[in-house]
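One structure below.
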Amino acid sequence: MSQQSSKAVEGGSREGERRRTILRAAIDVFARKGYHGCRIADVAREAGVAYGLVYHYFKNKDELLETVFETGWSGFVSRIRAVVEAEGPVGLKVRGITDVAFEAYRVDPRAVKVLIVEIARSPGGHVNRQNAFTDTIRMCAEMFVRAQASGELRPEVDPLLASALLFGSIEMGLTALVLGLVDPSDTEMLERARQQIAGSFLHGVLTQDAAAAEESWKKSAMRSKSAKLL
């Protein structure tokens with residue numbers, strides 16, 4: 001690699017790192033102050049960069065929030081898609097989707113808070129979220145269509161509505177965490193929340209045979225967990 005090419009790569013790497021630093025700072029400030037309370041100067045201070053440098057990468061606060069959403073949501077959706085497209089019964093996939101959501105909170109609670117409070121539940125038009133949310137709901141609805149065809153899902157269940165209800169339940173569970181209704185440091189409570197959301201949902205949509213298989217899986221998982229603790 002020539003010296004000129006090496007400098008170009010190094011410069012590009014620095015640019016990417018600065019941008020990521022500013023985005024991380026924006027997440028922290030949005031989580032702490034909210035969209036309306038956040039100023040570009042706050043983000044610059046949090047990132048440890050000059051005020052004008054933020055504008056070098058993002059034209060305004062709306063674009064910052066939009067990028068936070070796009071970055072976080074794309075990673076979340078890719079993990080959901082991996083669960084949906086994997087082999088296995090629909091009950092296991094629903095639990096996998098719930099696990100992805102709660103694991104995202106465990107790893108980065110401030111980012112999840114911004115996603116829920118400042119984007120999903122905000123009436124403002126700062127982020128074009130409709131298509132992103134709709135596409136994800138439809139992706140999981142197709143999973144439920146296949147489950148219905150294989151006899152796992154009750155015939156009277158509407159797959160699209162079931163998908164919307166699943167994500168609605170997950171969102172409300174995470175909302176309880178970000179609003180402090182549930183202690184996020186209580187790992188046992190987090191695990192119960194995961195299980196309760198997935199279990200309650202599956203109880204309402206699975207056929208009798210699929211529900212029996214789901215119960216058998218739960219007992220097997222509990223025995224495996226107990227054996228590891230011994």
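Quick check on segment 185-205: of everything there that is open to solvent by 60 Å² or more (accessible area, probe 1.4 Å) and either among the small types (Gly, Ala, Ser) or closer than 18 Å to Leu115 by Cα (or both), which residue is modelled with the lowest pLDDT?
The selected residue is Ser185.
Which of (1) in contact with an Asp or Glu (Cβ under 8 Å, 6 or more places away or on another chain); (2) in contact (Cβ under 8 Å) with a residue 60 or more places away in the chain; (3) open to solvent by less than 40 Å² (accessible area, probe 1.4 Å) does Tyr105 not meet, given it meets every other one?
Of the numbered conditions (1) in contact with an Asp or Glu (Cβ under 8 Å, 6 or more places away or on another chain); (2) in contact (Cβ under 8 Å) with a residue 60 or more places away in the chain; (3) open to solvent by less than 40 Å² (accessible area, probe 1.4 Å), the odd one out for Tyr105 is (1).
Got a number for residues in segment 59-79 being open to solvent by less than 20 Å² (accessible area, probe 1.4 Å) and more than 19 Å from Lys113 (Cβ to Cβ)?
Counting residues in segment 59-79 that are open to solvent by less than 20 Å² (accessible area, probe 1.4 Å) and more than 19 Å from Lys113 (Cβ to Cβ) gives 0.
Looking at segment 153-175 only, could you name the residues that are open to solvent by 40 Å² or more (accessible area, probe 1.4 Å) and either under 12 Å from Ile116 (Cβ atoms) or touching a Ser or Thr at 6+ places or on another chain (Cβ under 6 Å) (or both)?
Arg154, Glu171, Met172
Which of (1) farther than 20 Å from Val100 by Cα; (2) surrounded by 15 or more Cβ atoms within 10 Å (Cβ to Cβ); (3) among the polar types (S, T, N, Q) is the odd one out, the single condition Gln208 does not satisfy?
(2)
Could you please give the count of residues in segment 22-58 that are open to solvent by less than 50 Å² (accessible area, probe 1.4 Å) and closer than 23 Å to Pro109 by Cβ?
Of the residues in segment 22-58, 16 are open to solvent by less than 50 Å² (accessible area, probe 1.4 Å) and closer than 23 Å to Pro109 by Cβ.
Which pairs turn up if I take residues in segment 34-54 that are part of a helix (DSSP H, G or I) and look for partners that are polar (S, T, N, Q) with beta carbon separation below 9 Å, at least 6 apart in sequence or on another chain?
Tyr35/Ser122; Ile40/Asn60; Ala47/Thr21
The values are calculated or read from the model by the stated rules, or taken from the named source; none is laboratory data. Keep in mind that what you see is a predicted model, and the values were worked out from it rather than measured. Every residue, glycine as well, gets a Cβ built from its backbone with ideal geometry; the counts of neighbours run over all protein chains shown. Just so you know, the surface numbers come from the protein's heavy atoms only, side chains and all, with ligands and any DNA or RNA stripped out. Shrake-Rupley method; radii C 1.70, N 1.55, O 1.52, S 1.80 Å.
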